[in-house]
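Q: Dumping the structure here so I can ask a few things about it.
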Amino acid sequence: MIGSWTFQKKVTAGFAVMVGLTALTATIAVYALQTVVASKDRLLGINAQNLANAEKLQADSNEYAAAFRGFLLLMQDHFLDQRRNAAEAFDGTFRRLDQGVYTPEGHRLLNDIQKAQAEFSALQERIILLRKAKNGLEAATHVEEEAVPRRERLAGAIRAFVEREQNLLDEGKRDSTARASMASTLLVCLAVTTVLFAAATAIFLGRSLSKQIGVAVQHVQSSSAELQSSANQQSAGAKEAATAMNEITTTVSELLATSRQIADSAQQVAHIAEDTLKAAGRGDQTVLQSQESIEGIRRQVDIVVSHMLNLGKKSQQIGGVLDIINELAEQTNILSINATIEAAGAGEQGKRFAVVGDEIRKLADRVSGSTKEIRTLVDEIRAAVNTTILATEAGSKSVDAGLHRFEDVTRGLKEIAGMVATTTQAAREIGLSTKQQMTAVEQVNTAIGGAAQATREAEATSTQTLQTATQLAQLSHNLSRIVQSRAAV
Amino acid sequence: MSTEGHALEQLRSAFDETFAVPFRSREDQESVIQIRVGSEPFAVRPGHIAGLVKSRKIVPVPSRIPELLGASALRGSLIPVYDLAAMLGIPPGVTGPTWLILAPGDPPIGLAFDGFEGRQVPEWFSDEQGERQYVRQLVRIGSAVRAVLDIPGLAEAIRRRAGLAEPAKERKQ
């Protein structure tokens, strides 16, 4: 449970215990001192007084006896006065003793003294009476002889009382000394206990303090390290943010310049759109004229296609004629061969005919070759005609498509005119919007400047935080070293 | 002068030169007829045939001779027509035979073939007989060498198989 106490509570509890022990020590010391003082007072005030009174009582008794003896010897009255004064002094001392004695034994001894004094006084009275009579000296001497044991008994009683008081005084001294010794011993024990407890408390508090401070210092070190790391990251982030803010400022400046360019461009677009609107009107007229020209081209193309088709038909007819010629040439060739064969069978007379037949064959071969060339040429012509027809038809279709395109172009130009008007209006609106945008961008630029300043201040703050964290880490390190060294000591 | 005019002039000159050369100078210039049997080219000497005919209708007739295609009318008489490719052991052509060579005889024998490729004067003759049957000579035409078919031998073989064989006559070379 003590382990969970705070250091303040522990110190407070330790000091409370110390104060308690000190108060107990002081109380015991006061009590012992009072006890010793009481013993001393009793010793000095009662026993010593009793002893003094006892001795005075003895002296009074002696004076009383001396006055008696003086009277007996000299028969002078002042001895009787002296005896009476001594008796009064004795009585006074006795009363004081009776008041001061507090033990039964003392009272018994006082009673013995009083009884011996009474007997001795009574005897003295009888002796004095005898002395005053005739022959009083002898009688007195005789009685004196009787009084001696009584006087000695009184003296013995007084001595016993004195011894008793002396013993009481000695006992009081010893008791006072014993009480003082006991108080000293108790005080020494309490002092030792207090010192030991104070030492234990100091060691315990020191260890507890070192432990708690060490743990706290470790936490501080860990926290300072984390704070240092965070400050580093914050510093790096602040630097990056500052760099980014600079880039943003540059970008916004460029954006501002771009917005100005856009505003100028929008104005130029508006002018160009107006010019485009005029050009679109002129283009519409030009397209109408071009459309008429293309319709004329279309009619010419139709005529060309018709002629080319006619040319293809003629080429086909030529091919048919060539087939006939080729067939004739082939048959002529066969005839020439057969003529040659027949001429060979006709002997010598047929040789000349064979020559003629051979020449006819050659002519037929040449005709056949020529017809092949013509066929090749006619085929090429037909292919060219077909290609031309296809190209012309494609051109005709292109012309038709062109006419449709021109219609589309006309519509497109009208749409362009409408769009250009819209574009002009839009360009004006763009110019106006761009001016407003420029104003907004300038405000943004100002705001970003303030943000950049704040970022630089944050960077400075983070740098200062980093320095503080570093100093805190150093301080915690030093404190840890101090605490550990003390703990080691 | 244009190309056509130049060709016309050459044609006229060649025609005129024909009549300027003596007949005797032509005796050794015997030509051959180039034909195609199936897909193979051959040559035939004009002196070995009785005629060349194109596109005659051939009427199939039953026969024990598989090479006999049928009969055809020629100059008022019927002649047997044999497949020359089958006689030579050559695979037939795609379109079928459309030409006839008439082997001399009474009646003449028609040998059908696939194509007539003209008449040329060969550079030389060789009497080496080829590996193929009924080939008697070889001629060079241009850069090609062609086998000359032995038409009389073919006609004689056909007649023997048809049972019309005559005593052997000495053939003119």
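Q: Of all residues in region A:438-454 being over 12 Å from A:Ala242 (Cα atoms) and touching a Ser or Thr at 6+ places or on another chain (Cβ under 7 Å), which is least open to solvent (accessible area, probe 1.4 Å)?
A: Step by step, filter region A:438-454, then rank; the result is A:Val441.
Q: Answer yes if at least one residue in region A:172-193 is closer than 27 Å to A:Asp60 by Cα and not charged (D, E, K, R), and no otherwise.
A: Yes, region A:172-193 contains at least one residue that is closer than 27 Å to A:Asp60 by Cα and not charged (D, E, K, R).
Q: Something else about it: When you go through (1) farther than 25 Å from B:Gly115 by Cβ; (2) open to solvent by less than 60 Å² (accessible area, probe 1.4 Å); (3) more than 14 Å from chain B (Cβ to nearest Cβ) one by one for A:Gly350, which number turns out not to apply?
A: Every condition holds for A:Gly350 apart from (3).
Per-residue answers, yes or no, for (1) without any contact (Cβ under 8 Å) to a residue 40 or more places away in the chain; (2) away from every other protein chain (no Cβ under 14 Å); (3) among the hydroxyl-bearing types (Ser, Thr, Tyr); (4) assigned to a helix (DSSP H, G or I):
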| site | (1), (2), (3), (4) |
| --- | --- |
| A:Ser368 | no, no, yes, yes |
| A:Ile374 | no, no, no, yes |
| A:Glu380 | yes, yes, no, yes |
| A:Ala383 | yes, yes, no, yes |
| A:Thr387 | yes, yes, yes, yes |
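Q: Counting just the residues of region B:114-126 that are open to solvent by 60 Å² or more (accessible area, probe 1.4 Å) and not polar (S, T, N, Q), which one comes out farthest from the other protein chains (Cβ to nearest Cβ)?
A: Step by step, filter region B:114-126, then rank; the result is B:Trp124.
Results for (1) surrounded by 13 or more Cβ atoms within 10 Å (Cβ to Cβ); (2) in contact with a helix residue (DSSP H, G or I) (Cβ under 7 Å, 6 or more places away or on another chain), shown as yes or no for each residue.
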position	(1), (2)
A:Arg361	yes, yes
A:Ser370	yes, no
A:Ala383	no, no
A:Ile389	yes, yes
A:Lys397	no, no
A:Gly418	no, no
A:Leu432	no, no
A:Glu457	no, no
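Q: Within region B:4-24, take every residue that is open to solvent by less than 60 Å² (accessible area, probe 1.4 Å) and more than 10 Å from chain A (Cβ to nearest Cβ) and give me the one that is modelled with the lowest pLDDT.
A: Ranking the candidates gives B:Gly5 first.
Q: Being open to solvent by 30 Å² or more (accessible area, probe 1.4 Å) and touching a residue at least 24 places away in the same chain (Cβ under 8 Å) is the filter here; which residues of region A:30-47 pass it?
A: A:Tyr31, A:Leu33, A:Val36, A:Lys40, A:Arg42, A:Ile46
Q: Out of region B:49-104, which residues are within 18 Å of B:Ala147 (Cβ to Cβ) and within 14 Å of chain A (Cβ to nearest Cβ)?
A: B:Ile49, B:Trp99, B:Ile101, B:Ala103
Q: Out of (1) surrounded by 14 or more Cβ atoms within 10 Å (Cβ to Cβ); (2) touching a residue at least 12 places away in the same chain (Cβ under 8 Å), what's the single condition that is false for A:Glu407?
A: (1)
Q: For B:Leu111, all conditions in the list (1) open to solvent by less than 50 Å² (accessible area, probe 1.4 Å); (2) free of Cβ contacts under 8 Å to residues at least 24 places away in the same chain hold save one; what is the number of the exception?
A: It fails just one condition, (2).
Q: Still on this model: Output the number of the condition that A:Ser235 fails; it satisfies all remaining conditions of (1) open to solvent by less than 50 Å² (accessible area, probe 1.4 Å); (2) at pLDDT 80 or above.
A: (2)
Q: So which of A:Asp302, A:Asp275, A:Asp264 is surrounded by fewer than 17 Cβ atoms within 10 Å (Cβ to Cβ) and under 60 Å from the mean Cα position of the chain (by Cα)?
A: A:Asp264
Q: Does region A:64-79 contain any residue that is polar (S, T, N, Q) and within 16 Å of A:Ile127 (Cβ to Cβ)?
A: yes
Q: Considering only region A:188-201, state which residues are in contact (Cβ under 8 Å) with a residue 24 or more places away in the chain and either open to solvent by 50 Å² or more (accessible area, probe 1.4 Å) or of a type in the set (Lys, Arg) (or both).
A: A:Thr193, A:Phe197
Q: Criterion first (away from chain B (no Cβ under 14 Å) and part of a helix (DSSP H, G or I)) does A:Ile325 satisfy it?
A: yes
Q: Moving to a separate point now. Go through B:Pro122, B:Pro152, B:Pro167 for me and flag whichever is modelled with pLDDT of 85 or more and in a loop (DSSP other than H, G, I, E, B).
A: B:Pro122
Q: If you take the residues of region A:238-255 that are open to solvent by 60 Å² or more (accessible area, probe 1.4 Å) and free of Cβ contacts under 8 Å to residues at least 40 places away in the same chain, which of them is nearest to the chain's Cα centre (by Cα)?
A: A:Glu240
The values are calculated or read from the model by the stated rules, or taken from the named source; none is laboratory data. Predicted model only: the values in this text are computed from it and were never measured. Note that each Cβ is placed from the backbone with ideal geometry, even for glycine, and that neighbours are counted across all protein chains shown. Remember, those area values only see protein heavy atoms, side chains included, never the ligands or the DNA or RNA. Shrake-Rupley method; radii C 1.70, N 1.55, O 1.52, S 1.80 Å.
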